[in-house]
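In what follows, a single structure is set out as structure tokens and then discussed.
Each value in this text was obtained by applying a stated rule to the coordinates, not by laboratory testing. As the structure is a computational prediction, the values presented were derived from the model and not from experiment. Here the Cβ positions follow ideal geometry from the backbone for every residue, glycine too, while neighbour counts run over all protein chains shown.
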Amino acid sequence: MIERILKLMEKEGIKASDLTGKIGLNHSAITDWKQGKSKPSTDAIVKIAEYFGVTTDYLLTGKEPSHDLTVVNTDEIQLLKDYQSLSDKGKETVYDVIRLAAKGEGVVIK
């Protein structure tokens, strides 16, 4: 499990001290896990999964969800939350902007 946590940290460019501070863990927790001194608590696993936008199953087993989802970062999660708070008209506008941007970059979207 620690390998997956480290991989997520690397992908997001976040240091262990920053992650532990942001989710309220002891500053040495990740170092202790890497050195085999302790294992993450259930609470820590949930907080890490929420922070990185992955499932606890992924952290525990390494298995991706069976549906077509990718690991998202906190900015992408916030964008989705912002989108969900819009009216239907606002959502249509966002979708139009995305289609326009995709077209300009030669990206085909569904």
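Miscellaneous remarks
- Wholly within segment 27-110, helices (runs of 4 or more DSSP H) carrying at least 2 residues that are without any contact (Cβ under 8 Å) to a residue 24 or more places away in the chain and under 21 Å from Ile14 (Cα atoms): 29-34, 42-52, 74-84
- Test: Glu50 is within 12 Å of the chain's Cα centre (by Cα) and either aromatic (Phe, Trp, Tyr) or more than 24 Å from Ile98 (Cβ to Cβ) (or both): yes
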